[in-house]
Amino acid sequence: MSLLKQDNQGGIRFAHSTTHIALTLPEPWPVLSSAVLNGGFTSTHSLLNLRVDQHAPPPWPPAEQSLQQQAEQLMLPAPCCGMMTAASMQSLGYSSLSLKQLRAECWVTAGLSNLRRSGDPADAFNGAGTINIWLLLHFALTPAAMAEALIQLTEAKVTAIRDAGLLSPLSSLPASGTGTDSHAVICPPQPGAEGPLAFCGKHTTAGELIGRVVLDACEQSIGHCLRAANG
C-alpha cells in the first residue's frame, strides 16, 4: 500500500502517494484542460494525476475508463478531471505565490524521456516522459482569460525546459515539451467584487504571477528528474 500524504487548506484537499496525486475542491470549479478524463472547458470537483505502469502487458483498458475507475476507488467527488503519466510521483514540484492580493498554486509531475521540439516529425513513443501541470488560481477569470492563462502556463513550461538545456532527441534542438503533456487551469466559480479578470497576459499582475509560479514548479520537477537520472 502506498504512503499517502494529505493537506487541507481552505476546503481544498491535496493528496500525494506513490501512485497518484489528487486535488479536491470545495465545489465544482471552472477548468480548461487537455485532460483525458473530462477535458476541455468544463467544471471539475476534483483532479487526478494517475501513475501507470509503462511495462504492464496488454491488453490495456481505455485511459478514460482507468481514470474513472481509479477516481471512484479513491472516492474523489465527480466530475473528476483526470490525467495519466508513467513518470514517478517523486518528480512532484509545487509552488505557491501571491502578488497584490492574487494567489496561485501549481503542481507539476515530469518525465523527460519523451522530450520533443514543436514541429518535430510525428512518431510513436511509449515511454515515461510526460509533463502534467495543474495551475490553481484563487481568483476568477473569464473563459477567454482562462485560455490566455493556459498559454502563459505553456510558455512558462517551455522556458523551464529551455533553461535546463534539454534537447529533443529527434532534432537535437532545444525541446519545448514532451509528446504527451497534459495541462489544466482551474479557477473559482464566484468572482470577487470587481468581477472576473478579463486579461492575464505578461503586462498584468496575473500574468506575472502565473509565469512565476509555473516556472518555479516546473524547475523543481525537472530538477527532481535530472537528479534521479544522474543518481
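Any read-out appearing in this document is the output of simple, stated calculations on the displayed coordinates, not a laboratory observation. Because the structure is predicted, anything quoted here is derived from the model rather than measured. For neighbour counting, all protein chains shown are included, and Cβ atoms are generated from backbone atoms with ideal geometry for every residue, glycine included.
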Net charge dipole size for region 17-131 [Lys, Arg +1 and Asp, Glu -1 on Cβ; Debye, nearest 20]: 340 debye
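Go through region 172-227 and name the GluC sites (Glu not before Pro) that are in a DSSP coil and have 11 or fewer other Cβ atoms within 10 Å of their Cβ.
On the way: sites: Glu194, Glu208, Glu219; in loops: Glu194.
Hits after loop and neighbour filter: Glu194.
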Listed peptides 165-177, 136-148 by packing density, highest first (mean Cβ within 10 Å): 136-148, 165-177
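Determine the dipole magnitude for the chain: charges of +1 sit on the beta-carbon of Lys and Arg, -1 on that of Asp and Glu, nothing else is charged, the reference point is the Cα centre, and the result goes in debye to the nearest 20.
On the way: 12 positive and 16 negative charges, 64 e Å.
Here the size comes out at about 300 debye.
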Full-stretch length increase - Ser118, Ala198 - with 0.36 nm per residue and alpha-carbon distance subtracted: 25.9 nm
Pairwise centroid distance, computed over Cα atoms, of region 165-205 with region 64-135, Å: 13 Å
Cut-off under 5 Å, modelled amide H: who pairs with Ala164 long-range: none
